[in-house]
Structures are given as structure tokens and as C-alpha cells.
Amino acid sequence: MEFDAAIIGCGVSGANIARRLSAYNIKTVILEKASDVSFGTSKANSGIIHGGFHHNKKYLKARLEIQGSLMFDQLRRELNFPFRRCGIIVAALHDDEMKAVEHLYLQGVENNVIGIELCSRQRILELEPKLSSDVTGGLYAPGGGIIEPYRFVFALVESALKNGVELLVNFRVNKAARNGDFWHISAEDGRQIKSRYAINAAGLYADEVSKTFGAEDFKICARKGEYFLLDRMTKACPSKVVFPVPTSVSKGMLVIPTVEGTALVGPTADNIDDKDDFSTTQKHLERILVSGKTMIPTLSQNDVIASFAGIRPCLNEDFYIDASKKAPAFIQVAGIQSPGLTASPAIGEYVKNILLDMGLPLAEKPHWDPHVEDRPFARELDFNQLDNLITKNPAWGNIVCRCENVSEAEIVEAIRLGHITLDGVKYFTRAQMGRCQGGFCTYKIIKIIMRETGLSWNEITKHGGKSRVLERML
């Protein structure tokens, strides 16, 4: 188990780094503490490709955001994940908010944001008719977009594995020691690997990993954001991402059309002590609803089908991406909060360049293949296309998830690709994401996982670890 580069953590940053390094003749491994990739911060965010105007380009995160955003069109062609440039609006609801909007506009112009507009009331309502009649003006960035973040991570990892990267899941790093030219890295379960270079992309736990390697001492603060998920039949789903005027703490609570046709409202922004606290509260969700309705008045609690929370790893005002000054051959990729998803392809490139500067020889693979298979999904097919698939494989005709129109064939493929938890299947296929939130299909998915993997009913988990689903079998 000897590698040139070990990436600790497989969220959107780690996955982009892995995929970038897969293009070179080195041995790379991903060490992920969860049972699947994208199960940390990356699974529960707003899914926005930002517009490049929220931050001054003196910050590294702004420069990487601008660069990363421009990379998504090619990535979409190569990796076939859901992505759409629907545009972003910042809506001012009072005249005094227009000063802040003008500042964002000038910042966007300085950042060379393509097509950015400072909008009058009439123009902003033309762009998004569902906005409140109280709107006084705003900003429009047509290059902003929406993405399904977990499908993005899955596609990146599939591409990386296809090109020779190895993935070790349930690998919670607890020891690291430098011996000669190698880091000797151990997991809690006793597994060990050694690697010339180590990259700390551990998200919320980057501070703990840094200490394990004897590197810099810093503290990652957990900032929780709670969201509402709205049914795809809601009348409140806008055509564009709608931002309020931001505050000093956050970009505010948004109304977001998702790339799959539902809508999100949120998030809140509250610092918490427990990095595993994904609970939601009625108090915070009421705040979200009130804030959302000020921008989109047709928003209704009757359309809510789920609430959830994500946690952002906050460090300083900026990303911390650099070679460690204390630990040899160790790279910090920490404090990657918003706009981390947008910046992530550029983060992969940035870390690759740091490795080059540190002395890791990177010779390009002559036969590197950037593409992954474009898979069919039953919900996207017409009757003739679906009928052709059913003729070849009858499992395409067994619709397991009625809300999202997901077939048994899609669930089987997810499992065979290694997504053997209920959440893994959900993020890959969208089964359990509809109106009933798995009330109809969960039991059927459990039976398919058991059949395909040989796992017993009491070994099936929601997201790995101790998240057992069944206490007894009927």
C-alpha cells in the first residue's frame, strides 16, 4: 500500500484533487472516513455555482471561484452530472439596500464577471416575475448556475478510479508518522498505507487531521445551515437563484431552483459546537419561511416535503490552501466553505501546482480518459426509449420510487458501483427524495441491497457506521 499522494477526505475538494491527479503517472489514494464519498459537507449544501461577485479578488477564494466556475461546462460534457446555468439574482427590497447591490455590481465588474447587470425594478421583475412587488431593483449574473453536488462528486470519483486512483472508505485517520520519504498513515481499524505526500481535505475535521500530522494548529468552527426542500409542484420555484442582499455573516437565506426540478429555501447560519449536529428546529425553519416569503410571496409551508441541515467548515475569511510550514510533504486544504463548490475544480488545479512546486514529478498519462458513461434515467426517457431498455432488462420496468420515477435497474447499478447504504442509493438515483421521502420505496430498496450485496437486514444502514435502519424483520 505505497502511494505518491494520499488525499484525506472525499468531499468536493478531495474529489476534484483526486480526479486532477489521475491524469498523471503517480499512485494516488483517497482516504475517506465515511462509508461513501460526499457524505460530509458536500452532501448538504445549496448546490449553487456562484456568480463571482460576492468576494473581492484579493481573496484566494474569489480567484478560485471565478476560475472554477468557468471550468464547469467542460466538466459537464466529460462527466455527465446535472448542471445548468440558470443565472443568479440579488433582490433589493428597500432603496437603501441598493447601495450594497451597487457595491456587489462594481465588485463583479472588477472580477470580470461576464454579463453582470445592475437592474432596475422593471428589469429585475422581467427576469424573475415571481419576485415580490416590493422589490426595488437588484443585480443579475447570468453565468451563475445550479448543480446536484453529490452527483458531481460521484462522477469525479468514478473518473478518478477509472484512471487508476484508489479509494479506501471507512478509513478514519488516527495516526501519522514521517519515516524517511514517506508518511505512514493508520486508520482506527488498523489498516495502514504509506505515501510520499499527504493532502488534508478533511472538511470539518481538517483541524484534527492537521494535528495528527504534527502540522499547523488551527480550529475549524462549525456553522450550521438549515434548509426547507419544496415539492416539485410548488408555485414558488423561481427560474433563477434568488439571493437577498448579503449580511456580514452570510449571503443570506435564498430561494433556489434545483437542477432536478424541486426548490430549496435557506440556509440559516449559526455557529455550533457539535460538528455532528444535523438537527433542524421549528424556530429556525420558521425564520427561513418568513425570509423566503419576503422575496417570493407564493412560498407556502404546504409545499415543504423535508427539512435538513448542512455544516460548513469555517476558518478565516479566506480558504487555507498551502504547503504546511511545519510538516514535510503535507498540504492544507482547509476552511473550504462557500464558494467552495464553485471553486473546487480550480482547487484541484491549485493543489496540483503546489505538489509540482514541492518536487513531485508529474508526467501526463498518454491514455488518460476524462469521460464517464452517460447513464440513462427512467424519469428522463420517453416511452420508446424506456421500452427499448425494458426489452433488454426488465428491471427498467419495475419503478421502485414512484415520486421520482426511479427503476430497479438504476438502483442495482448504484449498488454495483459501491453505493450500498440508503443515502448512497438516494444521492446516486434520487430514490427517496420525492414527496413521500422514502415512505413508499425504502423497504424495497433495502430488499434490493440485501439481494445484490449479501448483507443481512440488520447490516443495512442509512449512511454507514451505526446508522442501522431495522431493529427487526417482519
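The trypsin sites (Lys or Arg not before Pro) of the range 196-230 that meet both conditions, a loop assignment by DSSP and at most 11 other Cβ atoms within 10 Å of the site Cβ, are K219. Remark: the D73-N316 segment gains 84.5 nm on full extension, using 0.36 nm per residue and subtracting the alpha carbon distance. Considering only Q107, Y197, W183, the residue lying farthest towards the positive end of the dipole of the chain is W183, judged by Cα position with unit charges set on Cβ. If R0 is 41 Å, the Cβ-Cβ spacing of L381 and R123 corresponds to a FRET efficiency of close to 0.60. Within the chain, the whole DSSP H helices whose Cα atoms reach 15 Å or more along their own axis and whose mean Kyte-Doolittle score is at least -1.0 are 60-79, 98-110, 149-162, 282-295, 340-358, 442-453.
Determine the percent antiparallel among the DSSP beta bridges restricted to the chain, to the nearest 5.
Numbers: 52 of 71 bridges.
Antiparallel: roughly 75 percent of the beta bridges in the chain.
Which pairs, out of K58/K211; K58/K251; K27/K466; K162/K365; K33/K462; K33/K365, put more than 20 Å between their alpha-carbon atoms? Cα-Cα > 20 Å for K58/K211; K27/K466; K33/K365; rest within. Segment V169..E459, full-extension length gain: 102.7 nm, with 0.36 nm per residue of separation and the alpha-carbon distance subtracted.
Amide H contacts for A306 (H built 1.01 Å from N in the peptide plane; partners 5 or more residues away or on another chain; cut-off under 5 Å): L229. In terms of packing, defined here as the mean over residues of other Cβ atoms within 10 angstrom, the peptides 124-131, 425-432, 361-368 line up highest first as 425-432, 124-131, 361-368.
Given a Förster radius of 45 Å and the C-beta distance between I272 and N388 as r, what FRET efficiency does 1/(1 + (r/R0)^6) yield to the nearest 0.05?
Details: r = 50 Å, r/R0 = 1.12.
Efficiency for this residue pair is about 0.35.
Residue ranges 184-190, 266-272, 232-238 sort as 266-272, 232-238, 184-190 when ordered by packing (mean number of other C-beta atoms within 10 Å per residue, highest first).
Phi-derived couplings, Karplus 6.51 cos²θ - 1.76 cosθ + 1.60 at θ = phi - 60°, listed residue by residue for the range 88-97: 10, 10, 10, 9, 8, 9, 9, 4, 5, 6 Hz, with x used for Gly and Pro.
Taken as Cα centroids, the range 431-474 and the range 229-247 sit 31 Å apart, rounded to the nearest whole angstrom.
Based on the Stokes-Einstein relation at 10 °C and a viscosity of 1.306 mPa s, and on the Kirkwood radius from alpha carbon pairs, the range 376-474 is assigned a translational diffusion coefficient of 116 µm²/s. Across the chain, C-alpha contacts under 8 Å between residues 6 or more apart give a mean separation that, scaled by the residue count, equals a relative contact order of 20 percent. With helices as the sole contributors, the chain gives -9500 deg cm²/dmol at 222 nm; each DSSP H run of n ≥ 4 counts as -39500 (n - 2.57), and the sum is divided by every residue.
Could you work out the relative contact order of the range 18-122? I mean the mean sequence separation of Cα pairs under 8 Å and 6+ apart, divided by the number of residues, in percent. Walk me through the intermediate numbers first.
Working: 54 pairs, mean separation 28.3, N = 105.
Computed over the range 18-122, the figure is 27 percent.
Residues whose amide H lies under 5 Å from that of A92, counting only those 5 or more places away or on a different chain, are T136, G137, G138, L139; hydrogens are built 1.01 Å from N in the peptide plane.
I'd like the carbon and sulfur percentage of the solvent accessible area for the chain, probe radius 1.4 Å, heavy atoms only, ligands and nucleic acids excluded.
Details: 10120 of 20340 Å².
Solvent-exposed carbon and sulfur of the chain make up 50 percent of the total.
Inter-part distance, the range 315-333 to the range 84-155, computed on C-alpha centroids, equals 33 Å. When +1 charges are put on Lys and Arg Cβ atoms and -1 charges on Asp and Glu Cβ atoms, the dipole computed for the chain relative to its Cα centre reaches about 480 debye.
The values are calculated or read from the model by the stated rules, or taken from the named source; none is laboratory data. Only a predicted model underlies this, so the values are computations on that prediction, with no experimental measurement involved. Reconstructed Cβ throughout: ideal geometry from the backbone, glycine too, with neighbour counts over all protein chains shown. Heads up: the accessible areas ignore ligands, DNA and RNA and are worked out on the full protein's heavy atoms, side chains in. Shrake-Rupley method; radii C 1.70, N 1.55, O 1.52, S 1.80 Å.
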